[in-house]
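We did not get these values from a lab; they are worked out from the coordinates using the rules stated. These numbers come from a predicted model, not from an experiment. All Cβ positions, glycine included, derive from the backbone under ideal geometry; neighbour counts span all protein chains shown.
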Amino acid sequence: MKSLINKKKFNLGISILRLNSNYIFASKTKYSNSSHVKIDLIEQCSQWILKLNKQNIPKLCYEIQYVRSSGPGGQNVNKLNTKCSLKVLNISKSGYDLTSTETKTQYKWIPSKILEQLLNGNKKTEFKQCDLMKLYYKPLQDCLVIQSDTQRSRHLNESECFLKLQKMFDQSFYVEREADKEDQEKWDIIRKREKEKRLKDKKFKKLRKELKSC
């Protein structure tokens, strides 16, 4: 009877250990997956900005106008409407979530993570809008107005407007990446060396001062 009780206790202990190990493994897997999701989201946002062009923006979300230019081109600019003005509409309502099953629509085309930093800034800009956003954004109309007249051709000026838009998104998006373990160890070694060097210099200066006073 006693041996049977001991056997039951032993089996119960093994079961508890298995449960604990499964819980730890599950916790580590969950943490690892969440960190991968974060890295993937950053990468997706970066790729979105890199690939941004006229074709990626729904036609209902922007307007293009051509007017007389004051830029280079001689008589060409007096006769033709070469200056391009790009107006991107309903900016604050254009966000969609990259991590959900929700797909972008004709009105929702900017990843929410990018849009949030576009409107509110980030750590790098001290949570203020970036310089280009301040220049282009019209809060009362909730739109961006970007203009270009540096080229002789209206099509080149139009392309430049979309390049300016891409540059604005690039300037506004920033995520501080976590340092690798290897990099952290290297920096720890460097800090340790610097501290030792500083202490040696301090000791040397103290000895030199004592020798002078003798």
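Here are a few things to note about the model shown:
- Across the range 126-214, the fraction of Cα-Cα pairs farther apart than 19 Å, rounded to a whole number, is 68%.
- Two-site label geometry, residue 98 and residue 196: point separation in nm, points 7 Å out along Cα→Cβ: 4.3 nm
- Relative exposure of 158, 185, judged by other C-beta atoms within 10 Å (fewest first): 185, 158
- Restricted to Cα atoms, the range 54-177 shows a radius of gyration and a Dmax of 16.0, 53 angstrom.
- All other residues whose Cβ lies under 14 angstrom from that of residue 89 are scored, Lys and Arg at +1 and Asp and Glu at -1, for a net of +3.
- Extension gain for residue 116 to residue 59 (0.36 nm times residue separation, less C-alpha to C-alpha distance): 18.3 nm.
- For the cross-link pairs 113/186; 51/164; 128/192; 124/202; 93/138, the ones whose C-alpha atoms lie over 25 Å apart are 113/186; 128/192; 124/202.
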